[in-house]
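Encoded as C-alpha cells, the structure appears first; notes follow it.
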4 protein chains.
Amino acid sequence: MAEKIPRDPDDDYSAAAAARRRDFIAAQTGARLEHSGQFSLDPASLRGNIEHFTGIVQMPLGIAGPLLIHGEHAQGDFYVPLATTEGTLVASYNRGMRLIRAAGGVTAAVVDDAMQRSPVFEFENARAAREFGQWVDAHFEAIKAQAETTTRVGKLRNIEQYAISRMRYLRFNFTTGDAAGQNMVGKATQAACEWIAARHDTITRWVLSGNIDTDKKHSQMNVLHTRGKRVVAECTVPDALLREHMRVSAAAVFRTRQNSTLGAILAGSSNNGSHAANGVASVFIATGQDEANVAESSAAILHTDLLPNGDLYYSITIPSLIVATHGGGTGLATQRECLAMLGCAGEGKVHKLAEIIGATVLCGEVSLASAVVAGEWVSSHEQYGRNR
Amino acid sequence: MAEKIPRDPDDDYSAAAAARRRDFIAAQTGARLEHSGQFSLDPASLRGNIEHFTGIVQMPLGIAGPLLIHGEHAQGDFYVPLATTEGTLVASYNRGMRLIRAAGGVTAAVVDDAMQRSPVFEFENARAAREFGQWVDAHFEAIKAQAETTTRVGKLRNIEQYAISRMRYLRFNFTTGDAAGQNMVGKATQAACEWIAARHDTITRWVLSGNIDTDKKHSQMNVLHTRGKRVVAECTVPDALLREHMRVSAAAVFRTRQNSTLGAILAGSSNNGSHAANGVASVFIATGQDEANVAESSAAILHTDLLPNGDLYYSITIPSLIVATHGGGTGLATQRECLAMLGCAGEGKVHKLAEIIGATVLCGEVSLASAVVAGEWVSSHEQYGRNR
Amino acid sequence: MAEKIPRDPDDDYSAAAAARRRDFIAAQTGARLEHSGQFSLDPASLRGNIEHFTGIVQMPLGIAGPLLIHGEHAQGDFYVPLATTEGTLVASYNRGMRLIRAAGGVTAAVVDDAMQRSPVFEFENARAAREFGQWVDAHFEAIKAQAETTTRVGKLRNIEQYAISRMRYLRFNFTTGDAAGQNMVGKATQAACEWIAARHDTITRWVLSGNIDTDKKHSQMNVLHTRGKRVVAECTVPDALLREHMRVSAAAVFRTRQNSTLGAILAGSSNNGSHAANGVASVFIATGQDEANVAESSAAILHTDLLPNGDLYYSITIPSLIVATHGGGTGLATQRECLAMLGCAGEGKVHKLAEIIGATVLCGEVSLASAVVAGEWVSSHEQYGRNR
Amino acid sequence: MAEKIPRDPDDDYSAAAAARRRDFIAAQTGARLEHSGQFSLDPASLRGNIEHFTGIVQMPLGIAGPLLIHGEHAQGDFYVPLATTEGTLVASYNRGMRLIRAAGGVTAAVVDDAMQRSPVFEFENARAAREFGQWVDAHFEAIKAQAETTTRVGKLRNIEQYAISRMRYLRFNFTTGDAAGQNMVGKATQAACEWIAARHDTITRWVLSGNIDTDKKHSQMNVLHTRGKRVVAECTVPDALLREHMRVSAAAVFRTRQNSTLGAILAGSSNNGSHAANGVASVFIATGQDEANVAESSAAILHTDLLPNGDLYYSITIPSLIVATHGGGTGLATQRECLAMLGCAGEGKVHKLAEIIGATVLCGEVSLASAVVAGEWVSSHEQYGRNR
C-alpha cells in the first residue's frame, strides 16, 4: 500500500471522483465499497462538508413520538428522528414520550446561549497580565466591533477572563444565529485578537486557543458557563401513571435517583443522569449536527423532586447543547428532511430544535430510570437488542 | 397531530413498513422523506439495531491516509474511513497522517481492556456494607461463575468496590471479546447480582446501575479505570519535518501544549488535547460503533516531550475507547465495508481497530496543534469549510 | 534586613535558642514576640517536629459534647477538643451533638485504610510500560518484602497501576499502624523503587512522586481510593426532634440537601456537605495532626434519606481522613492531653480517633444544615461570632 | 459520662471558667489538661472566637527567611512565621527562600479579590427562573444598596448566575476590606435576598446557601472564579543556581513537572503542584486565619517554563487564598505578633499578607520539587523529621 488518495483537480465533489476513490480502496485494501457507493445526495452539495468524498454511510433512521412539548418555540406534538444502530434506543425514547404525553407533556426552555473561542495571552509577569485584563474590559466595545467585522450574524456578547500565572485566558462569548458557530467565532476572535495584539507591546505571545472553550471536550467550565444552548426540560409525572406505564412508583424512582447522583459524584461525572448521550447523538446524526460535539453536549444534570402529593417532578438541564439549523451538515439531503420533520428547516428555528432535543432527552431519562428500577433494563435489551 | 407511529405486526423490518412510516410522517408533519427512503441496506438486517425503521441518513464518507502504524495488531499502511459533515476534518487528519508517516509512523498499543456494569447495594449501615464487601471478595470465583453463565464470550475480570454511606458500589469489569459488550455485561451482572441478593439478607435494596460505570457519560472514573480499550498512540516528529510540513518548530508546538494543558486544568477537563472527538466520532459512525459512546471515548490525555535533539515526542492516551467489530452496527452494509477497508471485519480484530483509531486521533492532534501554532487554523477552515 | 536566622549548633531545640530567634525577629522586624515566647512545652520534645523553633502560637481550645458514639472502637460519650479561632464553631458542633444524642447517637465505622506514595516510571514506549506493569504484578511479594525492610509497622497492601502515555504511575498502598505514615511509606516506596529500578533496564527514568497520591492535595482519586482512613458516620434523626431542637422539619432539611448536592455538582466539588473542614481542622490542631492534610481530609460526601415514617437518615463519608495517634504532633504536650481527653492516647487507638472525628463532623453537618434551613445561620453568627 | 459542659452565665470568657471546664474534663475523662491550661492570652479577648473556652493548644512556631519579595504591597525581605508540627517543613521552605533570594527574589501580585455567599432561588419552572435572572441583572444597583446596608466595609462587586433546572443559583461577590469576610457577606446577602424575596411572588423557595460558594470546600468553581484573593507568585531560577543549591538541573525539574501535571490530571486534582497546603496551613495558624479554609486555599496551579537560556521560570497561582488581617483570630495575642513580624498588623495590609503567602508557597514548591528530583526527599525527612 501507501499510494496517495486520488483527487480530481477539476471537480473533486463528483460521483466520478468518489467512484475513483472507491476503486482505489478496493485496489489497495481489497474492500469493495458497494453499499457505500449507493447514495442519492448530490456530491456537489458536499463542498464544505467533507474532503475526499468517497460515498456514504447508511445510518438507520427511526422515529419516536408523538412527543408533546410546551416550549417557547416548540409547541405541540413532534415526531423525532433518531439515527442509531443501537437496538432498544428508539423503543425506550418512544416509551418515555408516551408516558410523559399522558402526564401532560414537557415544558422546555433555552436559558442561555453562547459559543466561544478562547485565546490565551502571555506577558512578562502576572501584573502585566492583570493590566491587560483591565484594558480588555475597558475596550470591550472596540474589540466587539473588530470581531463583528468578520460576520453578519455573530454578536460578541461578553468576554470572560481567567488569570493563571503570567497568562490571561479570555473566553469570547458570541451568539451565532442559526449556526452552531464554531468557525464563525474562531474567525471573529482571530480578528479581535490581531487588533488587540497590534495595540499591546506587553504581550509576549498569544495563541487563538488556550483550550478553555473547551471545543469538542467535556469540561466543568462548559457545565458552568454554557457552550451552545443551555436547555432545561421539565415534566411532572403522576405516581399513578408511573405505576401504570412503568410498573414503578414515583418514590422508588426518586430514591434510585439519589443513588445515581451519589454515583456521579463518586465517579467524578458532571452527568448524574442515565443516557442523555443516546438521544443527543441520535438526533445529532439525523439532523446534520456535528457528531463530535456529543463530547460537550452529552453533559446533563438531572434534578427530581418527590412532590407532597406523591408525584414526581423530573427535569434535565443540558448545559452545552451545540445545535444548528444552518451550516454544517444541516443542509444535506436526508438531514434537511429530518429537520423538516421537526418543523426546524428554515430561519429562526434553532431554539425550537434545542427545546425538542431537551424534551427528547428528558423522555429517555424517565424511561430508562423507570426500567432500571423495575428491573426491566436487561430484559428490554433482550427483547429489542442484539445480545452484544 | 398525535397519531401513533404505525407498526407492522407481521414484519416491521421491511421496506414497506418503512415506507408506511415515511408516508405517516409526510401526512403528520408535511415533511417528505425522499432521500431518507433511498437505501440499499436490507431492512431485515436491522432487527436488533433500531425500532420504527423509517429510512436512512446518508452520512458523507471520506477517507484519510495512508496512515502508517506499528501496532501489535495493526501493522502497515491504512486508509481510514471518516464519516462526517464537518469540512476540514478529513483534510486535517490526512495532513497529520502524511507528516507522521514521513516521521516514521505511529506506535500504538492497547494497554487495558474492560467493560463494566456497576450495581449498588444498600444496607442497614456502613458496617454491614463493609462486611458485604468482604464477602464479595471472598466469593469472587462463585460470582464470576454465575455471571459467566449468561455469556460465552464475556469474562469477569475483577470487581472494584467503592464505599459510600451505607452503600457498596461495585464495578464489575469484564472482557467482552469482539463486542463492545454493554448489554452482555448488563445481563451477566444482573445474573450475578440476583445470585448475590439471594444469599444476603442484610441487603435492603439493590439496583443494577449505581451510575459509576459511567455508561454514556464522561467521568474521572473512566479516565482512571478504563471503559472499553485504553489505547496509547505515540510518535516522534523531527523538528525539521514540522518546519517543512507545518511551518512550525517543535519547540513552539511544545510550548503551546503547556498552555493547552493548563487551560484543561483550569477548565476542569480531563482532555488536554485538541479534538480527539472528531476522529473518534467519524470512525465510530463509519464503522458502526455506538455514536453515543463519544461521551466516554472522547476523553484523551496528551503527553509531549521536547527531546534533547529538538525533536518532539507526541502521544495520546484514550482511556475509554469503546469499540467493537461484532454486534451493534458493525454488521450493517456500509459499516461492514468500512471495517473491511481497515482489515477489521471478522473475528479477533477489535484490538486492531482500537490501535487504528488511536493512531488516527494522534495524527489529528499533531495536525491541529500545528495549525493553531502556525496561525492557520482559521484560514484552513476558510479554505475547506463552510463559514458557519 | 536579610540576616540569616540564628541557629545554635549545639542545641537548637532549647528555650535559649528560641529566645535568641525572638530577639532576632525583634531586631529585624520590630515585632516583639512576647506571648509567643510563653510556653510550657519542652523545646527538646520538638526535635522532628519543627526547625528554627521560636515559640508557640496559643490556639484557643474549646470542647463540645457529650457526643454519643456507637462505633467499633469509640463507644459511649465523648467530649471533643476543638482548637479554633472561629466564633460559633464550637457552639454549632455542640448543638448538633445534643440533637443527635437525643436521637440515639452516631454509628461510625472505618471502612477502608491506606496511605500512599506514588512513583512514576517512564519507558521507551507504552508497550514497555505495560510489560513493566505486568512484571510489577508478578513480583508483588518481592516488592512488598523490599518495601517492608524499611519499617516495622508499615505493610504494603497492594499496588494500583495507572497507564498514561509511556509512563506507568504506581500507587503503593500501605497500612501504617498508629501513624499517619506519609514519611514511612515514602521511605518504604523508595526502597521498593530502587530494588525495582535495579532489575529493569527498560526504565528510562523514575521519580518517587508522580503526584497521584495526591499528598496534601484534594483529588477525585482520593475520593475514590481513600487516603488515610475512610470513615462513615450515620444517624437517624426523628422529625419531631428536628422540629423541637432545630425548628425545622426533616422534609425541609432533606429538600435543601437536594439543592446543596446539585450545587456541589455544578461547582465541581466532591464535597456536597456544609463545613466538614471546620470539624476536621479543629480536631486536627487540637490532637497534633498535620494541619495541611485538611486539603485531603476536608472532602466529605453526604447522603441523606427521608424515611417513610418522616424521619431523617443522615450520613457522612470522609474518604481521606488522615489521622495518627503516634508520630507527628501527637506527642506534644497539649496535643497529647487532647488525645487523652478522647481516650486516644496510647497504642491501637487510631481507628477510634477516626470514628470520633467522623461522628463530630456528622454532628456539625446536621447542625449547620438545620440552621441554614431555619434561616438562623446569619443570626447565630451575629450572636456568637465577630462580624467579619 | 454524659454531663453537660459547664458554663458560667456571668462571664464564660475567664480563666476561672476555663479551669472549671478543665476540671470537668478531668472528672469525666481522666485526662488532666495541664499544659493546655498554660496560656498568656487574655480569655476576655476570645469572645467571638470560641465557645466553651477551656485552654490552649501550644502550637510550635518556626520561622523561615529571609524571603525576598518584589510585590506591589510586600517589598523587601521577610521572615515568615510557620506554625507546624511537621518536621522538615520549615527547613524546606527556608531552603527554597535561600535559593530564590539568590535568584533575585519573588514577584507577587494579587490579581483578583472576591468573597461569596451563594443563595439559591427556586421557581415553578425554568422559564420563571430565567426571568428572575434577568430581573436580578436589571436591579443590581438596588440589590447592592440593600446588601451594603449591613456593612460599612463590604462592597457588592457583581452577582454571577448559574441556571439549573427550575433553580437560579446566584453567587454574590463582595470585596471585604481587611476581613476574610464570610460572615460579613452572609449577612449582606441575607439582607439582599430578603429584599428580593419580598418583591417576587414567583419564588417558591429560597435558601441562603446553594453550596456553590463553595465555603470550606474545594471546588473547580473556586479555581475558576476566585474565593478570597487570587495570588500569583513568580520567579526565574538560573540553571546554575539550581545545580549549586539543589544538585539538580533546570531541565530535570522542568521535565518532572510534566509528570506531576499529568499525574494531577489523571488524579482529578486541580492542584498540580507539590505541597502548597503546607505553607498555607502553617502561615494560617500562625497569623490567626481560619484553618478550615485550607480546604479552599490549598488549591494551587503551577506553571513552569524552561527558558531558551536554560533557566527555569516558576510560578504558582493560588486561586482562593482566604486571608484577613482583621477579625477572626488575627487579633489574638500570639497571632497578632506573627502578623506584626510580617508588617501586616494594622489597616490595609491584607494584600501584602496575600503576596507574602503566595511567595512563601512558591519557595516551598521549588524546594520540594528539587528535592524529589534530586532523590533527596526521603533522606531529608530522615534527617529532619520523625520517621512516621
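Table for the structure above
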{"read-out": "Hits in region B:14-30 - residues which are more than 22 Å from A:R98 (Cα to Cα) and either within 7 Å of chain A (Cβ to nearest Cβ) or surrounded by 14 or more Cβ atoms within 10 Å (Cβ to Cβ) (or both)", "value": "B:S14, B:A15, B:A19"}
{"read-out": "Strands (runs of 3 or more DSSP E) enclosed by region A:56-126 - at least 2 residues per element that are aliphatic (A, V, I, L, M), touching a residue at least 40 places away in the same chain (Cβ under 8 Å) and not assigned by TED's automatic domain parsing to the domain that holds A:M184", "value": "A:75-83, A:106-117"}
{"read-out": "Residues within region B:145-158 that are basic (K, R) and part of a strand (DSSP E or B), tallied", "value": "2"}
{"read-out": "Failed condition for A:L307, given (1) open to solvent by 20 Å² or more (accessible area, probe 1.4 Å); (2) modelled with pLDDT under 95", "value": "(2)"}
{"read-out": "Residue among B:D201, B:D178 that alone is of a type in the set (D, E), under 26 Å from C:T107 (Cβ atoms) and either outside any strand (DSSP E or B) or within 8 Å of another protein chain (Cβ to nearest Cβ) (or both)", "value": "B:D201"}
{"read-out": "Residue under evaluation D:G331, criteria (1) under 26 Å from A:M167 (Cβ atoms); (2) more than 8 Å from every other protein chain (Cβ to nearest Cβ); (3) surrounded by fewer than 24 Cβ atoms within 10 Å (Cβ to Cβ), criterion not met", "value": "(1)"}
{"read-out": "Leading residue by the ranking (farthest from A:S298 (Cα to Cα)) among those in region B:201-250 that are among the basic types (K, R) and out of contact with any Pro (no Cβ under 7 Å at 6 or more places or on another chain)", "value": "B:R243"}
{"read-out": "Test result for D:A281, in contact (Cβ under 8 Å) with a residue 60 or more places away in the chain, at the interface with chain C (Cβ under 7 Å from one of its Cβ atoms), within 25 Å of D:A359 (Cβ to Cβ) and of a type in the set (A, V, I, L, M, F, W, C)", "value": "yes"}
{"read-out": "Selection within region B:136-158 - open to solvent by 50 Å² or more (accessible area, probe 1.4 Å), farther than 25 Å from B:V223 by Cα and more than 28 Å from the chain's Cα centre (by Cα)", "value": "B:A138, B:H139, B:E141, B:A145, B:Q146"}
{"read-out": "Residue in region A:36-43 that is outside the structural domain of A:M184 (by TED's automatic domain parsing), touching a residue at least 24 places away in the same chain (Cβ under 8 Å) and of a type in the set (A, V, I, L, M) present", "value": "yes"}
{"read-out": "Condition met for C:T261 (within 7 Å of another protein chain (Cβ to nearest Cβ), closer than 26 Å to D:F121 by Cβ and surrounded by fewer than 24 Cβ atoms within 10 Å (Cβ to Cβ))", "value": "no"}
{"read-out": "C:R230 over 18 Å from C:M97 (Cβ atoms), away from chain D (no Cβ under 11 Å) and buried (at least 22 other Cβ atoms within 10 Å of the Cβ)", "value": "yes"}
{"read-out": "Residue count, region A:40-78 (criterion: under 26 Å from A:N278 (Cβ atoms) and of a type in the set (F, W, Y))", "value": "1"}
{"read-out": "Qualifying residue in region B:164-172 (condition: among the hydroxyl-bearing types (S, T, Y), in contact with a helix residue (DSSP H, G or I) (Cβ under 9 Å, 6 or more places away or on another chain) and outside the structural domain of B:I143 (by TED's automatic domain parsing))", "value": "no"}
{"read-out": "Matching residues, region B:69-97, being over 20 Å from the mean Cα position of the chain (by Cα), away from chain A (no Cβ under 12 Å) and open to solvent by less than 30 Å² (accessible area, probe 1.4 Å)", "value": "B:G96"}
{"read-out": "Any hit, region B:273-293, residues being in the same structural domain as B:A371 (by TED's automatic domain parsing), surrounded by fewer than 24 Cβ atoms within 10 Å (Cβ to Cβ) and touching a strand residue (DSSP E or B) at 6+ places or on another chain (Cβ under 7 Å)", "value": "no"}
{"read-out": "Residues of region D:159-172 that turn out to be open to solvent by less than 30 Å² (accessible area, probe 1.4 Å), within 14 Å of chain A (Cβ to nearest Cβ) and assigned to a strand (DSSP E or B), as a count", "value": "9"}
{"read-out": "Answer residue from region C:98-132, given it is of a type in the set (A, V, I, L, M, F, W, C) and under 24 Å from the mean Cα position of the chain (by Cα) and is farthest from C:R171 (Cα to Cα) among those", "value": "C:I100"}
{"read-out": "Region C:340-349, residues that are assigned to a helix (DSSP H, G or I) and crowded, with 24+ Cβ neighbours inside 10 Å", "value": "C:M341"}
{"read-out": "Matching entry among C:G48, C:G55 (being within 10 Å of chain D (Cβ to nearest Cβ) and under 21 Å from the mean Cα position of the chain (by Cα))", "value": "C:G48"}
{"read-out": "Filter pass, C:P66 being at the interface with another protein chain (Cβ under 7 Å from one of its Cβ atoms), buried (at least 24 other Cβ atoms within 10 Å of the Cβ) and on the phi < 0 side of the Ramachandran plot", "value": "no"}
{"read-out": "Answer residue from region D:31-45, given it is facing chain C (nearest Cβ under 7 Å) and open to solvent by less than 40 Å² (accessible area, probe 1.4 Å) and is farthest from D:L332 (Cα to Cα) among those", "value": "D:A31"}
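The values are calculated or read from the model by the stated rules, or taken from the named source; none is laboratory data. The model shown is predicted, which means the values in this text are computed figures rather than measured ones. So basically every Cβ, Gly included, is an ideal-geometry build from the backbone, and we count neighbours across all protein chains shown. Just so you know, the surface numbers come from the protein's heavy atoms only, side chains and all, with ligands and any DNA or RNA stripped out. Shrake-Rupley method; radii C 1.70, N 1.55, O 1.52, S 1.80 Å.
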